[in-house]
Amino acid sequence: SYAADRGRAEQILLAAARRHAVPAADLDAGAIDELKRRYFLDRVAAEPRVYYRLTDNWVELTVRFVVRDRGLRDVKDAMSRDLLRDLDAAG
């Protein structure tokens with residue numbers, strides 16, 4: 001909701017993404033070139049980032065992060081579990 005602690009929610013999303021994403025420093029030149037070609041990203045933009053979208057009665061937060069081309073389902077599952085745990089803990 002608009003009354004929620006959006007800053008804390010963003011911190012939780014970024015922490016989970018950083019735990020599970022491929023660090024930008026670990027991406028080789030070929031991977032960076034492919035990201036640039038497909039998604040118009042540069043090396044800095046490969047770091048996890050949260051985007052906001054305003055709706056009529058809530059704020060939608062979306063996190064973008066880079067993962068390997070295999071194992072995405074496992075990463076999303078682990079992140080979802082981390083997010084639920086951390087959001088519950090934050091109240």
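The values are calculated or read from the model by the stated rules, or taken from the named source; none is laboratory data. Since this is a predicted model, take the numbers as computed values, not measurements. Glycine also receives a Cβ, built like all others from the backbone with ideal geometry; neighbour counts cover every protein chain displayed. Side chains are part of the model used for accessible areas, which takes the heavy atoms of the whole protein and leaves out ligands, DNA and RNA. Shrake-Rupley method; radii C 1.70, N 1.55, O 1.52, S 1.80 Å.
May I ask you to derive the relative contact order of the chain, considering only C-alpha pairs under 8 Å and at least 6 residues apart, and to give it as an integer percent?
Numbers: 81 pairs, mean separation 33.2, N = 91.
Worked out over the chain, it gives 37 percent.
Any chance you could check the Cα centroid distance between the range 1-48 and the range 55-82 for me, in angstrom?
If we compute the Cα centre of each part, the gap is 10 Å.
Could you give the Stokes-Einstein D for the chain in µm² per second, using the C-alpha Kirkwood radius, 37 °C, 0.692 mPa s?
Diffusion coefficient, whole number: 229 µm²/s.
What does the accessible area per residue of the chain come to in Å², with a 1.4 Å probe and no ligands, DNA or RNA counted?
On the way: 6660 Å² over 91 residues.
The answer is 73 Å² per residue.
Would you please give the FRET efficiency between ALA15 and ASP56, computed as 1/(1 + (r/R0)^6) with r the Cβ-Cβ distance and R0 = 35 Å, to the nearest 0.05?
0.75
So for the chain, taking the charge dipole from beta-carbon charges (+1 Lys/Arg, -1 Asp/Glu), which of MET79, ALA24, ALA3 sits furthest toward the positive end?
Highest projection toward the positive end goes to ALA24.
Express in nm, to one decimal, how much length is gained between TYR39 and ARG81 on full extension, taking 0.36 nm for each residue of separation and deducting their alpha carbon distance.
Roughly 12.4 nm would be gained on extension.
For the chain, which whole percent of the accessible surface, found with a 1.4 angstrom probe, sits on carbon and sulfur atoms?
That share works out to 52 percent.
For the pair ALA4 and ARG70, what calculated FRET efficiency results from E = 1/(1 + (r/R0)^6), where r is the Cβ-Cβ distance and R0 = 35 Å, to the nearest 0.05?
Rounded to the nearest 0.05, the efficiency is 0.50.
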